[in-house]
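The values are calculated or read from the model by the stated rules, or taken from the named source; none is laboratory data. In this text, all values refer to a predicted model and were calculated from it rather than measured experimentally. When we count neighbours, we look across all protein chains shown, and the Cβ atoms used for this are built from the backbone with ideal geometry, even at glycine. These area figures cover heavy atoms from the full protein model, side chains too; ligands, DNA and RNA do not enter into them. Shrake-Rupley method; radii C 1.70, N 1.55, O 1.52, S 1.80 Å.
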Amino acid sequence: MTRDGADAGWSLVVPLKPLVRAKSRLSQAAGEDVRPRLALAFALDTVAAALACTYVRDVAVVTDDHVAGERLAALGARIVPDTPGGGLNAALAHGARAVRARRPGAAVAALNADLPALRPAELELVLHSATLFPRAFLADAADIGTTLLTARCGVELAPAFGGASRLRHLASGAREITAPGVPSVRRDVDTGEDLRAALALGVGPYTAAQVRGPVGGAPAGAGGPEGPREPVEPQGPVSPAVRASGG
């Protein structure tokens, strides 16, 4: 990376609700007692994969959950208290400011905390594409929401996550990244169906350890024909085939 501070690596901002309130739509599929543990496992797999990406300098997790904070800090994440307490976008903007208070030239990216199948090489492809634009984003698997929003050095992140955020980010002037081989970066998990799709891609070890029984017909720890993935490691060079397009 060589554009506007991105050569020093991206700083990722990951928001995480208190676990007692996180992933409420998974209760029916996974059970109320398992839901908070799954939310934490998703975040652990997401952050572990992000930190293993060669384009990522550091990860800041915005959360007030002490248990999650301790576990994520042990992986190497910086924990930023959610002092605004104003919801998802306020937390992301706060996290971006905290990153740039330490490193004013930082290229920052907001990343969902619920990407349990995330692969470092796929995240690298997306971040490589994002260096081409002042602001860019990646839509979720449903082409409705957003899983990643980036802002190069000197550009405000201006997050507009939640619901139909793809259209809001397009309207805000962010360019949409269209990379054909990055399903793990688009596969966020809100429902049992989403979880089954993530299991089919192959989830990380923390999520696999929490899926003890069937989830709507998916076998425990499902990860495609090879089962759950091993802990992630940094991957090789970026393919030049990544594309990015505007709205």
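One residue alone among 127, 40 is out of contact with any His (no Cβ under 8 Å at 6 or more places or on another chain) and open to solvent by 10 Å² or more (accessible area, probe 1.4 Å), and that residue is 40.
How do the pairs read when you match residues in the range 81-92 that are closer than 10 Å to residue 63 by Cα with residues anywhere that are part of a loop (DSSP other than H, G, I, E, B) and polar (S, T, N, Q), using Cβ under 8 Å and keeping only pairs 6 or more apart or on different chains? Listed pairs, sorted by first residue: 81/63; 82/63.
A quick yes/no check of all residues on (1) in contact with a Cys (Cβ under 6 Å, 6 or more places away or on another chain); (2) within 20 Å of residue 12 (Cα to Cα); (3) in contact (Cβ under 8 Å) with a residue 12 or more places away in the chain; (4) in a helix (DSSP H, G or I):
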position	(1), (2), (3), (4)
105	yes, yes, yes, no
110	no, yes, yes, no
142	no, no, no, no
168	no, no, no, yes
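Against the condition more than 17 Å from residue 198 (Cα to Cα), modelled with pLDDT of 95 or more and open to solvent by 20 Å² or more (accessible area, probe 1.4 Å), how does residue 54 come out, does it pass? Taking the combined requirement at face value, the residue satisfies it.
Only one residue in 101, 90 is open to solvent by less than 40 Å² (accessible area, probe 1.4 Å), at pLDDT 95 or above and not β-branched (Val, Ile, Thr), so which one is that?
Working: 101 fails: open to solvent by less than 40 Å² (accessible area, probe 1.4 Å).
Exactly one of 101, 90 is open to solvent by less than 40 Å² (accessible area, probe 1.4 Å), at pLDDT 95 or above and not β-branched (Val, Ile, Thr), namely 90.
With open to solvent by 10 Å² or more (accessible area, probe 1.4 Å), more than 17 Å from residue 184 (Cα to Cα) and of a type in the set (Ser, Thr, Tyr) as the only criterion, which of 63, 83 stands out?
83
In the set (1) under 24 Å from residue 130 (Cβ atoms); (2) of a type in the set (Ser, Thr, Tyr); (3) open to solvent by less than 60 Å² (accessible area, probe 1.4 Å), residue 27 fails one condition alone, (1).
Take residue 155 and decide whether it is within 16 Å of residue 138 (Cβ to Cβ) and modelled with pLDDT of 95 or more. Judged against the criteria, residue 155 is not a match. Just so you know, in the range 163-192 the residues that are within 29 Å of residue 28 (Cα to Cα) and of a type in the set (Asp, Glu) include one that is nearest to the chain's Cα centre (by Cα), and it is 188.
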